[in-house]
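One structure is given here, and the rest of the page talks about it.
The values are calculated or read from the model by the stated rules, or taken from the named source; none is laboratory data. Here the structure is a predicted model, which is why all the values come from computation and not from measurement. Virtual Cβ from ideal backbone geometry, glycine too; neighbours counted across all protein chains shown. Ligands, DNA and RNA are excluded from the accessible area calculation, which covers all protein heavy atoms including side chains. Shrake-Rupley method; radii C 1.70, N 1.55, O 1.52, S 1.80 Å.
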Amino acid sequence: MRKESIYGLTFEQLTEWLMEHGHKKYRATQVWDYLYRKRATDFSEMTDVNTDCIQVLADNFSIQTLTEHVKQESADGTVKFLFKLKDGNLIETVLMKHKYGLSVCVTTQVGCNIGCSFCASGLLAKNRDLSGGEIVEQIMNVQLYLDKKEQDEHVSHIVVMGIGEPFDNFENMLDFIHVVTDRKGLAIAARRITVSTSGLANKLYEFTDAQLQVNLAISLHAPNNELRTKIMKINRAFPIEKLMEALDYYLAKTNRRITIEYILLKDLNDHPEEAEQLADLLDNKKQRVYVNLIPYNPVDEHSQYQRSDQESVLAFYDTLKKRGVNCKIRQEHGTDIDAACGQLRSKQMKKAEAN
């Protein structure tokens, strides 16, 4: 029997589980401290916890369910990890250095079924959801990497933007957020966490009602249904009108700002005409949205798409700014180490098939 990751339990769930197995409530605080503050990598390291408690935990859970398969380090300080799961599947996690701190991009699924036609992640269909513990463990592995450097560095920000659609693994994503924001553990502030979705409008309502206080990013990439459906098949199920209605609900309930992600694809969605359409689409929300213009990372398998030239990018940016839309051109990270999401995993799987 494959043991589940103990990182999948929230503090409340761990407390309840231990009490159900005959242990005092305070044991949960001890174990939690060893996991997230002392960062134990084996139950035997929890020397202050009694042996019966240690044994029952070891019998039912695992601390390490991910192993490092490949690690790539960029000249700009970006580190890309390819982790192997217990079942042999591979996932990506990326550590990025910013002026404001250290950010980790986590994966929520093995593969992706959303099918964005420009995305390396979508080349491989969804195999399964990650457990909450497998998502948390990505953060823990990155933190252990930082600990070994002995430079007193800590993960300060999280972006849920790796392989997969977070809203398609909703409950495990929620557990992940509750674990990493717990003040007795990693204590990462909710306002320093951003969840990105391709636009599952039905889940946006649930996300809003959960009142998590984390940031929301929407992968839009086109300002009209015809173009968005062409590059993102999710738009057939949730067209832009439904998505905008869900965003209106989010804005009304949370009073929080939304980031709109827009990948610029040469001669497809990067004309001033699309910029004007985007400004029109966001006109009634432009005080509460922020557009992130993203340079495209070309992928061999999607050779029909190319990166927009600098002149087109700047013209698109200028059009939005003139229309009063807050926007910026995203700074790139790790361009020398398979920067596109899913690219490293795809290449490693092809290498394995070739052998």
Note on segment 28-61: residues in a loop (DSSP other than H, G, I, E, B) and open to solvent by less than 50 Å² (accessible area, probe 1.4 Å) are 39, 40, 41, 46, 49
Flagged pairs (Cβ under 6 angstrom, 6 or more apart or on separate chains; first in segment 96-123, touching a residue at least 24 places away in the same chain (Cβ under 8 Å) and farther than 16 Å from residue 234 by Cα; second charged (D, E, K, R) and in a strand (DSSP E or B)) are 107/92; 109/129; 110/128
Check whether at least one residue in segment 273-283 is at pLDDT 95 or above, open to solvent by 50 Å² or more (accessible area, probe 1.4 Å), over 18 Å from residue 225 (Cα atoms) and not basic (Lys, Arg), and report yes or no. no
Taking segment 144-169 and keeping only residues that are over 26 Å from residue 209 (Cβ atoms), in a helix (DSSP H, G or I) and touching a Lys or Arg at 6+ places or on another chain (Cβ under 7 Å), one is left with 144, 147
- Query: Out of curiosity, is residue 135 open to solvent by less than 40 Å² (accessible area, probe 1.4 Å), under 15 Å from residue 93 (Cβ atoms) and of a type outside the set (Gly, Ala, Ser)?
  - Reply: yes
- Item | Filter pass, residue 138 being outside any loop (DSSP other than H, G, I, E, B), modelled with pLDDT of 95 or more and more than 14 Å from the chain's Cα centre (by Cα) | no
Over segment 302-329, the set of residues in a helix (DSSP H, G or I), open to solvent by 70 Å² or more (accessible area, probe 1.4 Å) and more than 22 Å from residue 284 (Cα to Cα) is 310, 311, 314
Of those in segment 170-194 that are in a loop (DSSP other than H, G, I, E, B) and among the charged types (D, E, K, R), the residue nearest to residue 36 (Cα to Cα) is 184
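Looking at segment 157-167, can you tell me whether even one residue there is in contact with an Asp or Glu (Cβ under 7 Å, 6 or more places away or on another chain) and modelled with pLDDT of 95 or more?
No, because not a single residue in segment 157-167 is in contact with an Asp or Glu (Cβ under 7 Å, 6 or more places away or on another chain) and modelled with pLDDT of 95 or more.
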Scanning segment 170-213 for residues that are open to solvent by less than 10 Å² (accessible area, probe 1.4 Å) and touching a Lys or Arg at 6+ places or on another chain (Cβ under 9 Å), the one farthest from residue 255 (Cα to Cα) turns out to be 185
Filtering strands (runs of 3 or more DSSP E) wholly in segment 62-131 for at least 1 residues that are buried (at least 19 other Cβ atoms within 10 Å of the Cβ) gives 79-84, 90-98, 101-105
The lone condition residue 275 fails out of (1) in a helix (DSSP H, G or I); (2) touching a helix residue (DSSP H, G or I) at 6+ places or on another chain (Cβ under 8 Å); (3) under 28 Å from residue 190 (Cα atoms) is (3)
For residue 234, the lone unmet condition from (1) touching a strand residue (DSSP E or B) at 6+ places or on another chain (Cβ under 7 Å); (2) more than 17 Å from residue 282 (Cβ to Cβ) is (1)
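In segment 1-27, how many are in a helix (DSSP H, G or I) and hydroxyl-bearing (Ser, Thr, Tyr)?
Count: 3.
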Just one listed residue, out of 233, 203, is at pLDDT below 95 and within 21 Å of residue 108 (Cα to Cα), and it is 233
